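The values are calculated or read from the model by the stated rules, or taken from the named source; none is laboratory data. All figures in this text were calculated on a predicted structure; none of them were measured in a lab. Please note: Cβ atoms are built from the backbone with ideal geometry, for glycine as well, and neighbour counts cover all protein chains shown. These accessible areas exclude ligands, DNA and RNA; they are computed on the full protein's heavy atoms, side chains included. Shrake-Rupley method; radii C 1.70, N 1.55, O 1.52, S 1.80 Å.
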Amino acid sequence: MTQRLLLIASLLIGLSVGVEAQTQRQVDSLLSICKPLAQTDIKGAEAKLLDFKQKYFGFPAELYIAQLYDQADRKGTEYRAEVAHAYDQTSLSLMSRGDMELYILSLFYSGRNDDCVAKAREALSYYPQSLPLNRYFFRSLVSQGRYRESLTAYENLTHAQSAILEHSDSVHYSVALTGWVRYLYQQGKFEEAAHWMEPFAQQRRQYGKMTDDVTMQLANIYIEWAKKLEGAEKEQMLLKADNILARRIPETTMNDDLFAYMRVQMVQFQLDPEAQKGTAIPAIMQMEEVFLKKPQLDERHKERLVTGYRYLMSYYFIEKEDYALAGQYAEKILLYEPDNEGALQVRKLYQKMKNNG
């Protein structure tokens with residue numbers, strides 16, 4: 001009896017193996033048709049795979065469909081939504097590492113950042129060292145504005161298997177860091193903001209990659225921090241901002257006028273608000289130089305020049321009693337604001353003194 005049961009089991013196993021082998025041959029034959037067909041009729045190839053699934057329950061048609069869309073993707077992002085949609089129909093637990101990586105990439109490039117974060121987090125539980133999974137998890141967090149989380153994700157990315165960072169990784173990191181730093185100093189956490197930003201800015205400058213955004217962020221940290229301080233501590237923070245701006249102005253043509261004005265208005269005028277020390281003179285001279293190189297001055301530039309000239313006029317007239325130099329700056333003011341009352345008074349007084357010998 002036992003021998004008979006063993007014989008029956010053996011026959012059933014053999015039959016099952018035979019059926020599986022026959023099914024695999026059918027799958028191989030189907031794929032040999034669908035792969036070239038997908039290059040000209042992707043929808044037709046998809047239909048054939050789905051039809052086969054109706055006949056053989058459990059056939060992972062969606063995995064093959066996703067791969068076909070990926071292989072047919074000439075531009076690299078043309079069919080990302082279709083690839084992602086095909087993978088949506090399959091559990092991550094049934095996917096290979098390659099399928100997971102392709103799925104997460106496709107979610108990211110089809111703009112589904114919420115799904116990308118959720119699925120990448122799950123996929124990383126299977127393959128924590130995967131470079132693509134870490135990369136698109138990180139980038140999706142940045143796209144969502146989840147900056148603090150994304151900085152941790154970036155650290156994981158740098159330690160992923162065969163980690164070779166792309167330029168876009170650096171761009172996303174810069175966005176994440178500046179976003180996080182902006183949040184910190186807006187919350188009044190200036191020391192923590194500086195702790196994050198200072199080494200990053202130093203590294204950027206060391207490699208000749210200092211940017212206007214980094215300059216703005218670091219200068220703003222010091223400027224806002226200074227508002228909470230008094231005396232020598234306040235002066236120290238403002239001078240840090242001044243140094244950052246002064247170094248960047250000759251390096252950029254995009255925001256040199258903005259940085260020059262920030263240096264005058266937001267830094268030097270805070271150090272010498274009554275125009276008594278004359279310490280703002282180098283910054284005003286730099287601002288004038290930058291502005292006058294512009295092909296055309298708009299009203300904003302003119303107003304800012306007048307602001308600087310008023311400081312100089314007051315300093316030379318009141319503190320230095322150099323009426324001739326004060327008169328020169330009065331004339332510069334009147335070029336842009338002919339009715340400026342202060343400049344008209346200085347002109348009148350200077351002319352009176354000159355006429356009286």
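Output the number of residues of the stretch 160-218 satisfying the condition of being hydroxyl-bearing (Ser, Thr, Tyr), touching a residue at least 40 places away in the same chain (Cβ under 8 Å) and either open to solvent by less than 30 Å² (accessible area, probe 1.4 Å) or closer than 16 Å to residue 244 by Cα (or both).
Matching residues across the stretch 160-218 total 2.
Restrict the check to the stretch 337-348 and report whether at least one residue is touching a Pro at 6+ places or on another chain (Cβ under 9 Å) and open to solvent by 40 Å² or more (accessible area, probe 1.4 Å). Write out each step before concluding.
Going through the stretch 337-348, the residues touching a Pro at 6+ places or on another chain (Cβ under 9 Å) turn out to be 344.
Now narrow it down to the ones that are open to solvent by 40 Å² or more (accessible area, probe 1.4 Å): 344.
For the stretch 337-348, residues touching a Pro at 6+ places or on another chain (Cβ under 9 Å) and open to solvent by 40 Å² or more (accessible area, probe 1.4 Å): present.
For residue 267, the conditions (1) within 32 Å of the chain's Cα centre (by Cα); (2) part of a loop (DSSP other than H, G, I, E, B); (3) over 18 Å from residue 331 (Cβ atoms) are fulfilled apart from (2).
Listed by position, the helices (runs of 4 or more DSSP H) enclosed by the stretch 174-258 that each have at least 1 residues that are closer than 24 Å to residue 146 by Cα and of a type outside the set (S, T, N, Q) are 190-206, 212-226. Considering the stretch 160-197, and only residues there that are of a type in the set (D, E, K, R) and more than 17 Å from the chain's Cα centre (by Cα), the residue that is nearest to residue 136 (Cα to Cα) turns out to be 192.
Looking only at the stretch 276-335, count every residue that is outside any helix (DSSP H, G or I) and at negative phi and tell me the total.
Within the stretch 276-335, the first condition is being outside any helix (DSSP H, G or I), and the residues that meet it are 276-280, 293-298, 320-322.
Right, trim to at negative phi and you get 276-277, 279-280, 293-298, 320, 322.
Residues meeting the conditions: 12.
For the stretch 25-33, the criterion of being open to solvent by 70 Å² or more (accessible area, probe 1.4 Å) and modelled with pLDDT under 55 is met by none of the residues.
Annotation for the stretch 219-226: no member residue is within 21 Å of residue 199 (Cβ to Cβ) and either surrounded by fewer than 17 Cβ atoms within 10 Å (Cβ to Cβ) or touching a strand residue (DSSP E or B) at 6+ places or on another chain (Cβ under 7 Å) (or both).
Answer yes or no: is there a residue in the stretch 300-313 that is open to solvent by less than 100 Å² (accessible area, probe 1.4 Å) and at pLDDT below 95. Before you say what the answer is, go through the steps one by one.
Residues of the stretch 300-313 that are open to solvent by less than 100 Å² (accessible area, probe 1.4 Å), as a first pass: 301-302, 304-309, 311-313.
Remaining after also requiring at pLDDT below 95: none.
No, the stretch 300-313 contains no residue that is open to solvent by less than 100 Å² (accessible area, probe 1.4 Å) and at pLDDT below 95.
Taken over the stretch 278-299, the criterion of being open to solvent by 80 Å² or more (accessible area, probe 1.4 Å) and acidic (Asp, Glu) is satisfied by 289, 299.
Against the definition (in contact with a Lys or Arg (Cβ under 6 Å, 6 or more places away or on another chain), buried (at least 19 other Cβ atoms within 10 Å of the Cβ), under 15 Å from residue 275 (Cα atoms) and of a type outside the set (Asp, Glu)), how does residue 329 come out, yes or no? Can you show your working first?
Working: in contact with a Lys or Arg (Cβ under 6 Å, 6 or more places away or on another chain): no; buried (at least 19 other Cβ atoms within 10 Å of the Cβ): yes; under 15 Å from residue 275 (Cα atoms): yes; of a type outside the set (Asp, Glu): yes.
It is false that residue 329 is in contact with a Lys or Arg (Cβ under 6 Å, 6 or more places away or on another chain), buried (at least 19 other Cβ atoms within 10 Å of the Cβ), under 15 Å from residue 275 (Cα atoms) and of a type outside the set (Asp, Glu).
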